[in-house]
2 protein chains.
Amino acid sequence: MTFTDIASRTYNHNFRLDPIVRSLLDTDFYKLLMLQMIRRLHPETQVTFSLINRSKSVRLAEVIDEAELRAQLDHARSLRFAKKELIWLAGNSFYGKTQMFAPDFLAWLAEFQLPEYELERRDGQFVLHFHGPWTHTTMWEIPALTIVNELRSRAAMRGRDRFALDVLYARAKAKLWDKVERLRTLPDLVLSDFGTRRRHGFLWQRWCVEALKEGLGHRFIGTSNVLLAMDADLEAIGTNAHELPMVEAALSPDDASLADAPYRVLEQWRAHYGGNLLIALPDAFGTTSFLARAPDWVGDWTGFRPDSAPPIPGGEQIIRWWQAHGRDPREKLLIFSDGMDVESIEATYRHFNGRVRMSFGWGTNLTNDFRGCDPEGEAGLEPISLVCKVVAANGRPAVKLSDNPAKATGEPAEIERYLRVFGSEGRTEHAVQV
Amino acid sequence: MTFTDIASRTYNHNFRLDPIVRSLLDTDFYKLLMLQMIRRLHPETQVTFSLINRSKSVRLAEVIDEAELRAQLDHARSLRFAKKELIWLAGNSFYGKTQMFAPDFLAWLAEFQLPEYELERRDGQFVLHFHGPWTHTTMWEIPALTIVNELRSRAAMRGRDRFALDVLYARAKAKLWDKVERLRTLPDLVLSDFGTRRRHGFLWQRWCVEALKEGLGHRFIGTSNVLLAMDADLEAIGTNAHELPMVEAALSPDDASLADAPYRVLEQWRAHYGGNLLIALPDAFGTTSFLARAPDWVGDWTGFRPDSAPPIPGGEQIIRWWQAHGRDPREKLLIFSDGMDVESIEATYRHFNGRVRMSFGWGTNLTNDFRGCDPEGEAGLEPISLVCKVVAANGRPAVKLSDNPAKATGEPAEIERYLRVFGSEGRTEHAVQV
């Protein structure tokens, strides 16, 4: 006898939409931490986020149907934080701290809705902007990315039969588990999932997170994805991102104020959060410049997240800075999160082991590595370098320089001005894969 | 919302048995072809089949619960051929021939039931005998093997959590698909599934067969498993086995009659079947002896299935015989089926390509290759060399010499007598893996 749940089957025949984003918690934890601060300090600031596809050879608007994209974005706008989600945010501890989110913030979140979007097609790409209060547009970053990435995966797999899909996922599972087996030979590894934004799909990310929980044990400290953290009872991981210094910089009235923006943001952050959340992101306008002008108190912070310099020289540069400021690197933390994979995690781990505390944020190569897995060839499943970035604040253009010029964003004239203010020392171009 | 079919879930909680054999068609096709002939020629012959575990280091009775084994054997005895199965046997064509099975045989099959079994435990092994009419005991061979092999797999996986099992099967799927991708580079490959008897489990064999169908296209000609052939609309593959000459030999009244037994069996077979079913199995009492005494008309048969000599020298020996008897090997067929895997299939294919027609029966290494797949190590999933063989006919001991002394069966004194009659030329020992 074959048993079929006829009701489910009939429902499946008729569903209008298979939603990609089903919860507002399906986002990165740092968005919530930043949002709480943004709401206090910038309740009126208007910020535009825009989708930027750095992988220009992939013509997204020719791959993804615009109507499907609108349906998914509209669905995300229909979501509200569920009561149980807000209860969990209120009652859970994060980084060992209870009541991380203030009651007034949680009350405000209960009313939260993603704001409108502006979408058109131009030259084979989608032009997707989110205009509005920073307190709202910031929350589009992750859903916009997960929606576009998953629609692209779905398009690539359209028309595949069940068997080809079965082999595809079997190989991807086998591939990830081989990575897990390599990583668990590193006794003091500290690793978390940072793969939400570039994931192949939500269900695949969930499988990956379960694999790390099962296979890495204590080495796996949690996930940046708040929904998966809640569902799997894992730690939610993350602190802050480039949008903070980028908006602070964009709003700076003059060059002197601009030069000081990265440090003002750190002071604001410290006023809101402490302990392990005191992680500085040094590369928004170049790490070399950041370190050269950094006040001594930055040395009291828990650590740095070098996010665009190659990990080993990038880490060495920060260690030298700590030593020059009389800090013992063995008490400090480096979080590596830029395009890491097993090889670079192993190399970085071995290089720094015993000299500094380390943590790895494993992103695209965790949740979207199907290279060599597709029985029908590769087309469409290779990850692309898609970001959703602040492009303007209160009408003024925003800029990111990065340690890697290939990751810079902003208008050319404004980038020139930033390079004048911050200098370009230490910036070296290397290919951005993901 | 999570939907659960509560009725199915509740049923699953309470089932008494998850049957391994669910249909009498879940057997090898050659059993039915042989059975039709046995029923005509030997309606009264009493034949004992016995389980023989050549992998003595695996103490099966310590791995498999006797009560579970009895429950599965009892369940198999409760089966009858279903009406739709008999309709399919009657209406389908096999090897291009319609009405392969006569109406009186099918009417008799409708009443068929597996006979009683005799089971005890001795020295860590199961002693499992099937006594009774050959027309009934012959049908135990495959169910006995699939039941014991799958109970062993189930025992090895008991207590594994869902995740470990998921990785195990993902790796096994990836591994098989890698083999498929290698095999499909051989343009004229002709391959079938012979893996029923040693399969990891029924569901896994079904997946493997679907994989070959999908991945090898026309290179995959079918399966020896009758149920899978029916369900997947594939050709049922197989002709005859050692039990025919073994019983004919055991019933021979004297040495002269014994020496002639292998050829009498071929004449009987030819009287029942023709065309592509005229495949001689030369190794029951040694291929060298068989060929040396073979009548010239054996050269008119479609081909040979060398089943215990190494494929390349074994094939060359037969080609030399054809040439010596004025036959063109390019019009003849060799079926290789002894412990084949991708490497030996490739090597054999390349060696004989263009010189003889070839077909490969892929068994254990198709349906039970989990080597390197188990996240928790290997114990219990490596295939074992388990057979179910004729040991006596009408009270007289049965013997198989084989080209490989490691595969010989029978009482030592009787083996001596057979070696006197057939000689031992050309027999060389090599390890039996599976």
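A short reminder: the numbers here are calculations on the coordinates, not readings from a lab. Quick caveat: nothing in here was measured; it's all calculated off a predicted structure. As a convention, Cβ positions derive from the backbone with ideal geometry for all residues, glycine included, and neighbour counts pool all protein chains shown.
Values as computed for the structure displayed
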read-out	value
Signed unit charges on C-beta, dipole axis of the stretch A:167-229, positive-most listed residue A:ILE221, A:CYS208, A:ALA170	A:ALA170
Peptides B:356-367, A:12-23 ordered by average Cβ neighbours within 10 Å, highest first	B:356-367, A:12-23
Compactness of the protein assembly as shown - radius of gyration and Dmax, Cα, Å	34.9, 113
For chain A, calculated [θ]222 nm from helices alone, where every DSSP H run of n ≥ 4 adds -39500 (n - 2.57)	-13500 deg cm²/dmol
Residues A:GLU343 and B:LYS97, FRET efficiency given R0 of 51 Å [Cβ-Cβ distance, rounded to 0.05]	0.30
Cα Rg, Dmax, the stretch A:163-368, angstrom units	18.1, 61
Length added when fully stretched, A:ARG22-A:LYS83, from 0.36 nm per residue minus Cα-Cα	20.5 nm
Long pairs among A:LYS173/A:LYS400; A:LYS332/A:LYS400; B:LYS175/B:LYS213; A:LYS31/A:LYS175; A:LYS83/A:LYS173, criterion Cα-Cα beyond 24 Å	A:LYS173/A:LYS400; A:LYS332/A:LYS400; A:LYS31/A:LYS175; A:LYS83/A:LYS173
Magnitude of the charge dipole, chain B, Cβ model with Lys/Arg +1 and Asp/Glu -1, debye to 20	480
Hydrodynamic radius (Kirkwood) for the stretch A:42-190, which is based on Cα pairs only, to one decimal in Å	18.9
Other-copy label distances relative to B:GLY377, 7 angstrom Cα-Cβ extension, nm	4.5
Using θ = phi - 60° and Karplus 6.51 cos²θ - 1.76 cosθ + 1.60, couplings along the stretch A:25-32 (whole Hz; Gly, Pro as x)	7, 6, 8, 7, 4, 4, 4, 6
For the stretch B:189-228, alpha-carbon Rg and Dmax in angstrom	9.5, 26
Label-point separation in nm, B:HIS430 to B:ALA155, each point 7 Å along Cα→Cβ	3.1
All Cα pairs of the stretch A:183-301, percent lying beyond 18 Å	61
Amide H within-cut-off set for B:MET358, under 5 Å, with H built and near neighbours excluded	B:LEU334
Dipole axis of the stretch B:312-434 (+1 Lys, Arg; -1 Asp, Glu on Cβ), positive-most option in B:PRO405, B:HIS430, B:ALA324	B:ALA324
Qualifying GluC sites (Glu not before Pro) for the stretch B:44-148 [loop in DSSP, other Cβ within 10 Å: at most 10]	B:GLU44, B:GLU111
Shortest-first distances to equivalent copies, position A:GLY274, nm, label 7 Å out along Cβ	9.7
Over the stretch B:163-368, relative contact order from alpha-carbon pairs under 8 Å, at least 6 apart, %	24
Relative contact order computed over the stretch A:329-379 (Cα-Cα under 8 Å; 6+ residues apart), in percent	45
Per-copy distances of the B:GLN323 label point, shortest first, in nm (7 angstrom along Cα→Cβ)	7.6
Expected-Rg normalisation [2.2 N^0.38 Å, Cα atoms] applied to chain A	0.97
Enclosed volume per residue, in Å³, of the convex hull spanned by Cα atoms of the stretch A:1-108	227
Max mean-square fluctuation residue, GNM over chain A, Cα-Cα springs under 10 Å, options A:GLY377, A:GLY274, A:GLY238	A:GLY377
Förster-model FRET efficiency, 45 Å R0, B:ASP233 and B:ALA256, C-beta, rounded to 0.05	0.40
Max mean-square fluctuation residue, GNM over chain B, Cα-Cα springs under 10 Å, options B:LEU291, B:LEU24, B:LEU212	B:LEU291
Kirkwood Rh and Cα Rg combined as Rg over Rh, evaluated for the stretch A:322-434	1.05
Cα lying deepest toward the dipole's positive end in chain B, options B:GLY314, B:THR367, B:ALA280, charges on Cβ	B:THR367
Within the stretch B:293-434: Cβ-based charge dipole about Cα centre, in debye rounded to nearest 20 (Lys, Arg +1; Asp, Glu -1)	760
Size of electric dipole in the protein assembly as shown: Cβ of Lys, Arg +1 and of Asp, Glu -1, about Cα centre, debye, nearest 20	200
Per-residue HN-Hα couplings for the stretch B:270-278 [Karplus 6.51, -1.76, 1.60; θ = phi - 60°; Hz; x = Gly/Pro]	5, 5, 9, 10, x, x, 6, 7, 7
